[in-house]
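I have placed the structure first, in the form of structure tokens, so that the comments after it can refer back to it.
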Amino acid sequence: MYNSYKITVKNIDETAKLAQALGDLIKVKGAFICLYGDIGAGKTAFARQIAKHLNVREKVTSPSFVIINEYLSGDIPVYHFDLYRLEKEGVKTVVDELLEYSKPGIITIVEWAEFSDIELPYDRIEVKIEVTGETERTFEFKGIGAENIAVIEGLKS
């Protein structure tokens, strides 16, 4: 069972508002968020905007070379994974960590989740980001699991 929502934003300001709306809906219970999209689609920028809204004080950067960045200074712990450099075989080395970071009370953001051939947590939010113009992006959100379906409903309103 899942629910989906698609929206197109025209610029980074609208992206920030969308990230703020998502942050408001997940900042109490947490969420496991999988980000999908081509290079340059804005996965890290979206993660940065979510973290900024959650009052993370550290500089939010792509974890491409370190695999995970931890941000503990905000309203809720944020863990930011990037599976791009691991590709399918390397993902097996971080399976335990991914599953460990899928518990309530934290926000886990996984870029390049499509490289995961492991079973992702059932309860998750999938976000597909597509470049549709120079500054325009289309976001497709899919909430899987009852709490995440409610989050998607909240985004729609």
*Is it the case that segment 49-68 has a residue that's surrounded by fewer than 20 Cβ atoms within 10 Å (Cβ to Cβ), out of contact with any Lys or Arg (no Cβ under 6 Å at 6 or more places or on another chain) and part of a strand (DSSP E or B)?*
yes
*Pick from segment 108-128 the residues that are over 18 Å from Lys29 (Cβ atoms), touching a Phe, Trp or Tyr at 6+ places or on another chain (Cβ under 7 Å) and surrounded by fewer than 21 Cβ atoms within 10 Å (Cβ to Cβ): which of them is modelled with the highest pLDDT?*
Lys128
*Which one is farthest from Glu134 (Cα to Cα), of the residues in segment 1-11 that are surrounded by 15 or more Cβ atoms within 10 Å (Cβ to Cβ) and at pLDDT 95 or above?*
Tyr5
_Close pairs from segment 11-26: first touching a residue at least 40 places away in the same chain (Cβ under 8 Å) and within 15 Å of Val127 (Cα to Cα), partner surrounded by 15 or more Cβ atoms within 10 Å (Cβ to Cβ) and basic (Lys, Arg), Cβ under 9 Å, at least 6 apart_ = Thr15/Arg137
*asked:* When the residues of segment 121-157 are narrowed to those that are in contact with a Leu (Cβ under 6 Å, 6 or more places away or on another chain) and not in a strand (DSSP E or B), which ends up nearest to Ile33 (Cα to Cα)?
replied: Val151
*asked:* Name the residue that is farthest from Gln20 (Cα to Cα), counting only residues in segment 130-152 that are of a type in the set (Val, Ile, Thr) and buried (at least 21 other Cβ atoms within 10 Å of the Cβ).
replied: Ile144
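The values are calculated or read from the model by the stated rules, or taken from the named source; none is laboratory data. Predicted, not measured: the structure shown is a model, and the values here were computed from it. In this analysis, Cβ positions are derived from the backbone assuming ideal geometry, glycine residues included, and neighbour counts consider all displayed protein chains.
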